[in-house]
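*Asks:* Quick one: the structure is below, and I'll ask about it shortly.
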Amino acid sequence: MKNLILISILLLFVSCRTIKHCNFKKVEEQQTDIAQLHSCFKNNFTKVLFKSTIDIYNNHLGGLILIKLMPDSSYRVNFITELGLKIFDFEIKGEQFKVVYCLEKMNKKKLIQVLKDDFTLLLLENKLKDKAILFKNKDNVENIFRFHHKNSYNYYYVEKNSLTLNKIENWGCLFRNVTMCFSDFKNNFPTKISISHQHIKLNIQLNQIAN
């Protein structure tokens, strides 16, 4: 009986691993620098202001998120409500993360960890040391770079012709954790960014406010 249960678990694991990205075709393993992914927050980026909403469980927060590159190459991520109430102020450099300020009701260890992971992934501040596995989708219009990161995998979807980074996904061993989609590009910058979680009720919408 124990062996049967073990075999069933192994079959489930293998089948999930197989169908997870069934439309992908592995091309090669290659050394890929994070700079090759053409993040909109790199190169000539200085700052951007978004009209933003954060939906967490039954709470809805609307306001402005400012992302700014600092002189020491760190990023500051500030969120204030439409009424001017400061919600959080984070400092990110590489995988170093500092809570400069956070509203007491949101200053929970697990939530802060999730927001840290989200913004570190969004800004491509993950230290991806291993070689990437390069995939192509069935339509052959995107290159998908998979990096192993800690206990999960990050997938970066790059359009072949424009080299535009369209989407980022983070997967655990079996299931997707978070999806980030970039759309409505103007001057090579996405004016809309959505961050959706699959296992917790947390969604972030960012809509750029024109300079």
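The values are calculated or read from the model by the stated rules, or taken from the named source; none is laboratory data. Please read all numbers here as calculations on a predicted model, not as lab measurements. Cβ placement follows ideal geometry from the backbone for every residue including glycine, while neighbour counts extend to all protein chains displayed.
*Asks:* Could you list all residues from segment 94-112 that are among the basic types (Lys, Arg) and either in a loop (DSSP other than H, G, I, E, B) or within 26 Å of ASN166 (Cβ to Cβ) (or both)?
*Replies:* Keep residues of segment 94-112 that are among the basic types (Lys, Arg), which gives 98, 105, 108-110.
Matches in segment 94-112: LYS105, LYS108.
*Asks:* PHE45: of a type in the set (A, V, I, L, M, F, W, C), at pLDDT below 95, farther than 24 Å from HIS197 by Cα and touching a Leu at 6+ places or on another chain (Cβ under 7 Å), yes or no?
*Replies:* Judged against the criteria, PHE45 is a match.
*Asks:* When segment 196-211 is examined, which residues are found to be surrounded by 17 or more Cβ atoms within 10 Å (Cβ to Cβ) and under 12 Å from the mean Cα position of the chain (by Cα)?
*Replies:* Passing the criteria: HIS197, ILE204.
*Asks:* Give the residue that is nearest to LYS116 (Cα to Cα), with candidates limited to residues of segment 174-195 that are free of Cβ contacts under 8 Å to residues at least 24 places away in the same chain and loosely packed, with under 14 Cβ neighbours inside 10 Å.
*Replies:* SER183
*Asks:* What's the number of the condition ILE80 fails, among (1) surrounded by 13 or more Cβ atoms within 10 Å (Cβ to Cβ); (2) over 23 Å from ASN43 (Cα atoms); (3) at pLDDT below 95?
*Replies:* The one condition ILE80 does not meet is (3).
*Asks:* Would you check which residues across segment 121-166 are of a type in the set (Ser, Thr, Tyr) and closer than 20 Å to PHE97 by Cα and list them? Walk me through it before giving the result.
*Replies:* First pass over segment 121-166, keeping only residues of a type in the set (Ser, Thr, Tyr): 152-153, 155-157, 162, 164.
Selection gives SER152 alone.
*Asks:* Shifting gears a bit: If I filter segment 148-162 for residues that are modelled with pLDDT under 90, aromatic (Phe, Trp, Tyr) and exposed (fewer than 15 other Cβ atoms within 10 Å of the Cβ), do I get at least one hit?
*Replies:* no
*Asks:* Can you go through LYS108, LYS167, LYS98, LYS131 and tell me which one is surrounded by fewer than 16 Cβ atoms within 10 Å (Cβ to Cβ), under 20 Å from ILE195 (Cα atoms) and either without any contact (Cβ under 8 Å) to a residue 60 or more places away in the chain or not hydroxyl-bearing (Ser, Thr, Tyr) (or both)? Spell out the reasoning first.
*Replies:* Working: LYS167 fails: surrounded by fewer than 16 Cβ atoms within 10 Å (Cβ to Cβ); LYS98 fails: under 20 Å from ILE195 (Cα atoms); LYS131 fails: under 20 Å from ILE195 (Cα atoms).
That would be LYS108, the only listed residue that is surrounded by fewer than 16 Cβ atoms within 10 Å (Cβ to Cβ), under 20 Å from ILE195 (Cα atoms) and either without any contact (Cβ under 8 Å) to a residue 60 or more places away in the chain or not hydroxyl-bearing (Ser, Thr, Tyr) (or both).
*Asks:* Can you find a residue that is assigned to a strand (DSSP E or B) and out of contact with any Lys or Arg (no Cβ under 7 Å at 6 or more places or on another chain) anywhere in segment 131-141?
*Replies:* Within segment 131-141, one or more residues are assigned to a strand (DSSP E or B) and out of contact with any Lys or Arg (no Cβ under 7 Å at 6 or more places or on another chain).
*Asks:* Here are LEU163, LEU115, LEU124: which of them is touching a His at 6+ places or on another chain (Cβ under 7 Å) and either closer than 18 Å to SER183 by Cβ or outside any strand (DSSP E or B) (or both)? Can you show your working first?
*Replies:* Values: LEU115 fails: touching a His at 6+ places or on another chain (Cβ under 7 Å); LEU124 fails: touching a His at 6+ places or on another chain (Cβ under 7 Å).
It is LEU163.
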